[in-house]
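A short reminder: the numbers here are calculations on the coordinates, not readings from a lab. Please read these numbers as outputs of a predicted model, since none were measured by experiment. Cβ placement follows ideal geometry from the backbone for every residue including glycine, while neighbour counts extend to all protein chains displayed.
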Amino acid sequence: MYTSSAKKAKIYTLLEDYAGYETSFYAQHGLSLLIEVESEKTKKRILFDVGQSAEPILHNMKLLGLDPKTIDMIFLSHCHYDHTQGLLGILKKIEKNNVPIIAHPTIFRSHVVFDPYLRPIGMIEGNTREEIEKYGGKFFLTKTPFPLVNGLFSTGEIEMREDFEKETEIELYTIEELEIRRDKMIDDMSLILKLDNGIVVISGCSHAGIVSITKKAVEITGESNIKAIIGGFHLIDARKERIDETIKKLSEMNVEKIYTGHCTGFLAECEFKKIWKDNFEKLHSGKIIEFL
Ligand SMILES: [Fe+2]
Ligand SMILES: [Fe+2]
């Protein structure tokens, strides 16, 4: 089931916290990538996360010469508003029926923070299941790994986490059985692109821990050659020890290239750059990464 591989892939950064130097792209706190996967049998475009509003994504797509109507399916890495809020606006431009939206079954749960004041940060403001379905979205909610297209797989839920990645620095809460409880972000899922000569891990915020996610990607595909990891690593509020441990473990796994930004944080990015040197690249809106 997880042995098919893609011939080539092209990943467009549709939205990121950084717009790049001397570009006309828009930046916004959030993430959205368009993954174009070509295999022997098919070629599909998968939208990975949708930022916190559709406008900057649509602006950047125009600059990149990409038509939203060519999007075949949508993958939501987790519930956070900076990855999900642009959904309705994008669906309205895709203008198709039955657009598969892949996400974890708990994506619509109540999700709040209290610091510095109570506010919802999950799927909010009109992003109800009914409204999304009205505009052509067709939910495919599952927590198990599965192939979206030949050579591209969901990691599913990351059940086994490395000890040092079990605790999150940010205090996130949910309501369960009428009680306020810590939210462990079990909905955090990533994508694995499998090529003939290795895998690429594509993550949104890595709330499950980027080392734990990468280990699951290796386990699912049986491929230990990791060509790249792309996405946010959520180390922005992490202690230095956690950053160091992450770098140590990813180095041991011989990860070839690192493309990161969003919630990774400046300190962690500097540390990654020191180790990966030219094989570290900062993500920005408009950046295109190709695998041939
Ligand atoms: Fe995020
Ligand atoms: Fe997040």
Requested in this report: Please tell me the relative contact order of the chain in percent, rounded to the nearest whole number, where contacts are Cα pairs under 8 Å and at least six residues apart.
Outcome: 20
Query raised in the report: Sorted by mean Cβ packing within 10 Å, highest first, what order do the peptides 12-19, 25-32 take?
Result: 12-19, 25-32
Query raised in the report: Hey, fewest Cβ within 10 Å first, where do Met253, Met160 land in order?
Result: Met160, Met253
Query - Contour excess over end-to-end distance, with Cα ends at Lys92 and Lys134 and 0.36 nm allotted per residue - result: 14.1 nm
Query - Mean Cβ neighbour count within 10 Å, used as a protection proxy, ranking 59-70, 194-205, 107-118 highest first - result: 194-205, 59-70, 107-118
Requested in this report: Compute the separation of the alpha-carbon centres of the stretch 14-93 and the stretch 150-214 and state it in Å as a whole number.
Outcome: 20
Query raised in the report: When N counts the residues of the stretch 16-78, how does its alpha-carbon radius of gyration compare numerically with 2.2 N^0.38 Å, as a ratio?
Result: 1.17
Query raised in the report: Could you give the semi-axes, largest first, of the ellipsoid that matches the stretch 8-291, computed as the square roots of 5 times the alpha carbon gyration tensor eigenvalues and rounded to whole Å?
Result: 25, 24, 19
**Report entry** Sites Ile175 and Phe146 - FRET efficiency at Förster radius 30 Å, r taken between beta-carbons, to 0.05
**Finding:** 0.55
Query raised in the report: With r defined as the distance between the Cβ atoms of Lys248 and Asp115 and R0 fixed at 25 Å, what FRET efficiency is calculated, to the nearest 0.05?
Result: 0.25
Report task. With 30 Å as the limit, write out which pairs from Lys8/Lys277; Lys92/Lys143; Lys92/Lys257; Lys41/Lys277; Lys41/Lys93 have Cα-Cα distances beyond it, or answer none. Result -> Lys92/Lys257; Lys41/Lys277
